[in-house]
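Laboratory data are not the source of any read-out in this text; all were calculated from the coordinates shown. Because the structure is predicted, anything quoted here is derived from the model rather than measured. Positions of Cβ are generated from backbone atoms using ideal geometry, with glycine treated the same way; all protein chains shown enter the neighbour counts.
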Amino acid sequence: MLDVASRKPNLVARLLRSLRLPLNDPFALFGLAIYVVFVLTAICANYLAPYDPTEILYTPSYDLAADLRPGQEGFVLGTTSLGRDIFSQIVYGTRSALLIGITAAFMVALIGSIVGLISGYFGGWVDALLMRLADIAFGIPFLPFVIVLAAFLKPSVWNVVIAMALVLWRDTARVIRSQVLTLRTRGYVDAARVAGSSDLKIILRHITPNILPLSFLYGSIAIGWAILTEASISFLGFGDPESISWGYMLQDAFASQALAKQAYYWFVPPGICIILVVSAGFFITRGYENILFPKLGR
Amino acid sequence: MPHLKAAANRALQFALVLWAVVTILFLMFRLMPGNPMAAYIDPTFTVEQQQALMAQFGLDKPLWEQYIIYLGNLLQGELGQSFRYREPVAERIITLLPNTLILTFSSLIIAYAFGILAGAYLAWRRGSTVENIAVPLVLTTRSMPEFWLGMVLLAVFSFWLGWFPAGGTRSAGTSYDSLWALYTSGEFLRYLTLPALTLAIYSQGLPLLLMRSNMLDVMKEDFVTMARIKGLSPWTVVVRHAARNALLPVMTSFAIAVGYQLQGNVVVESVFSWPGLGRELVNAVSASDYPLVQGAFLLIAMVVILMNLVADLLYGFLDPRVSHA
């Protein structure tokens, strides 16, 4: 018992250190701060949103609260043409954006890292086979593929995530593979092999910790991709009809003539939120590159 | 002849990827939930039409036989009948391809011209305030949803200022003798501006950042130092010596960008009602017009794969130091 208790924080600390979060880069810090704000918003959505995002609202004089401008009747960001509160939709949209972004990014980074590790470490026909699969994944037009799959299967968040994971692992896998190719020739890997370590142990103990930052880097790029993709899919009308997402809001605004009505308060905020979350990923990535490839000095 | 051999290798790989994507497409549409015949036969077709299609695609035969027939038909450019338009899919998508290509190439040419110049300039002004503001700004444009940017431009320049039309390629009622007459008309340009600008603003980030980082690398090389020592003006050093060499990888990225752009077109064409392949794909999916979905998907995939091959070959051709190991 004692042993486990004393090892646990150690393990967490080691994991955090092996991710090498870029905390001294101002841009990366800004990106992480954006993530923190959005994560907190998503968790506390119930308390922050004044209304149910799908509820049709009425003014105190019993009129439909449709197309109200920001500030009118106490609606912070105004209401949609169907009388729904835009601010509440933004707040709840954070949930589906982060949910889809993080699960898709996790799957992409996981599949990509495993494929890259196996491909790079074992080489030979395994490598050839996996890299041809990556070539094929590069040949699939990403957005059309997700649209077709999401439309054929039941439109749901998970089908969009699966469709994304099926294609996007390719970039991560290639990069991790080339990293593993150099890692496996290092002296400590040879030493471990001579000492009788199994392949599995060498991969898990000696190679994986060194590629974790790269996986995390590609994961944070994938979060942005996933959120942008989900927004596009929802905008085209193939999204999950059950969930309120920023892409759905934009589709709703576009279809309800918000552009002609000059209702900027309706379609600008969801776009800004998407930009903030996606660019946060880019900023973190930049911080990472400075740590991982200091010679680049970019 | 290591170059020829490498090129042949690439071509073989190209064929393999193409075959794999074609097969995935086949499986996706045959194994989808519901009636397997739905991939080609609409219930509203006449009995004769249905039987003709049954025979043409061998829909009553086992799956592997259907697959062989499918490949044979593809080689002859036979993609079936569109449910909605009642015309061959191949004809339909071929007439839409020029619209998509014009949009893609005009936006990419603007994006690359701007991105290359701005990227070289930012590398030259490294560490300046301009650079410190510009780089995060460019990253921000890369994180915009393209369709959202299109919506904002539409709301401002079309609905508010009224400078540009809201969508399509021509105003209602006008007709042109030929496609060429349409594309060279001033009116077409007015319709093209906003969608092309939307895609260009999104795409300029890639060439810009690539050019900038390549320039930073090249500027450290000996021949640039040598040019400086010779006393050449900074302009000559940057443009004649450094930029030329930094340009190579950016040019190869153009081919890749064409492929990416075709995918992005799917949404932007929908926002601007631009009659191209992407919008057709979306409409066909919504209308369950399966033959048309397959055709449009296949054509987009073919361009993407072809562009990947072009990028690969260009890379080796422009920079012989890259070996095709």
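Considering only B:Leu139, B:Leu313, B:Leu75, the mean-square fluctuation computed in a Gaussian network model of chain B, springs between alpha carbons under 10 angstrom, is largest for B:Leu75.
Here the Karplus curve 6.51 cos²θ - 1.76 cosθ + 1.60, taken at θ = phi - 60°, turns the phi angles of region B:11-17 into couplings of 4, 5, 4, 4, 4, 4, 5 Hz, with x standing for Gly and Pro.
Convex hull volume per residue, computed on the Cα atoms of region A:143-298, equals 139 Å³. Computed from backbone phi with θ = phi - 60° and the Karplus coefficients 6.51, -1.76 and 1.60, the 3J(HN,Hα) list for region B:148-156 is 5, 4, x, 5, 5, 4, 4, 4, 7 Hz; x is used for glycine and proline. Taking every alpha-carbon pair under 8 Å whose residues sit at least 6 apart, chain B reaches a relative contact order of 26 percent.
Semi-axes of the equivalent ellipsoid for region A:82-165, computed as √(5λ) from the eigenvalues of its C-alpha gyration tensor and ordered from largest down, come to 35, 16, 8 Å.
Counting only aspartates and glutamates at least 8 places from B:Lys220 when in the same chain, those with an alpha carbon closer than 20 Å to its own are A:Glu289, B:Glu131, B:Asp319.
Cα extents for the protein assembly as shown along the principal axes, largest to smallest and rounded to whole angstrom: 72, 71, 68.
For a quick check, take a GNM of chain B with Cα springs below 10 Å and name the residue from B:Val293, B:Val303, B:Val239 with the largest mean-square fluctuation. Result: B:Val239 has the largest fluctuation of those listed. For B:Gln81, the amide hydrogen comes within under 5 Å of the amide hydrogens of B:Val89, counting only partners 5 or more places away or on other chains and with H modelled in the peptide plane.
Charge dipole (Cα centre; +1 on Lys/Arg Cβ, -1 on Asp/Glu Cβ; no other charges) of chain B amounts to roughly 1240 debye.
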